[in-house]
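Encoded as structure tokens, the structure appears first; notes follow it.
The values are calculated or read from the model by the stated rules, or taken from the named source; none is laboratory data. Since we're looking at a predicted model, the values are computed, not measured. What goes into the accessible areas is simple: the full protein's heavy atoms, side chains included, and nothing from ligands, DNA or RNA. Shrake-Rupley method; radii C 1.70, N 1.55, O 1.52, S 1.80 Å.
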Amino acid sequence: MSVRPAQAGDICILLAPSGPPSAPGAAFIDRLHADLGGERVEPLHVTVDRVATDDAAALVRTVRDSARRLRPAPVRVARLYFLPSQSRGPEIVKLEVAPDAVLEEDTNELLAALRRSGLPSLYPDRPKPTITTLQRVTRRDSVDADVAGLPLDLFVADLVIVSRITGVARYEILDTASIVASG
């Protein structure tokens, strides 16, 4: 079974930084943008899940409740790759996120909360964590993924974003919840 393409009304649950990426991360993204062109995808984020629901308020409550059990998670990127995209292409630049125990725990907590709420994922198989950094890229040959300065600590995910897709590459932030480091 393949992933249903995203459509207006779908709601995404994202893990993102509350501030800018690390200095080396920002320099890496700047270099990618300068080399490849295209448009930056803001904010940088790891997509946890995409769901469809008519009750966004209940979804926000579920995510807010779950966010209390999360910890800030380091996001380290390990590999760069390109994907064709009909809606945001011709290609997008993705970064594969390196495995991290805290990030995995946070993701599992959010997914479990969504399933308990009766919201099935629109992803048939759990995707590997990735970050889309650039869209509408046309100069693919200008970067060598093997020498792109990876792996790299990009940011600390300390914010959960609930975002509704409103159109092609257009989103409406429904809610955010801070992830507070426990003492």
Helix runs (DSSP H) in the chain reaching 18 Å along axis by Cα, Kyte-Doolittle at least -0.5: 23-36, 101-116
Percent carbon-and-sulfur accessible area, the chain, ignoring ligands, DNA and RNA, probe 1.4 Å: 52 percent
Separation of alpha-carbon centers, the range 157-183 and the range 1-63, rounded to whole Å: 8 Å
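Below 8 Å, C-alpha to C-alpha, sequence gap of six or more: please give me the relative contact order for the chain in percent.
Values: 381 pairs, mean separation 70.7, N = 183.
Over the chain, the number comes to 39 percent.
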Value in Å of the Kirkwood radius, where the chain supplies the Cα pairs that are averaged: 16.8 Å
Probe 1.4 Å - accessible area at VAL156, Å² to nearest ten: 80 Å²
Principal axis box of the range 50-97, alpha-carbon based, largest edge first, Å: 37, 30, 9
Within the chain, helix-based [θ] at 222 nm, where runs of 4 or more DSSP H residues each add -39,500 (n - 2.57), nearest 500: -7500 deg cm²/dmol
Solvent-accessible ranking of TYR171, TYR81, largest area first, probe 1.4 Å: TYR171, TYR81
Heavy atoms of ARG64 accessible to a 1.4 Å probe, total area in Å² rounded to 10: 110 Å²
Residue among ASP54, ASP106, ASP65 with the largest mean-square fluctuation in a Gaussian network model of the chain, springs linking Cα atoms under 10 Å: ASP54
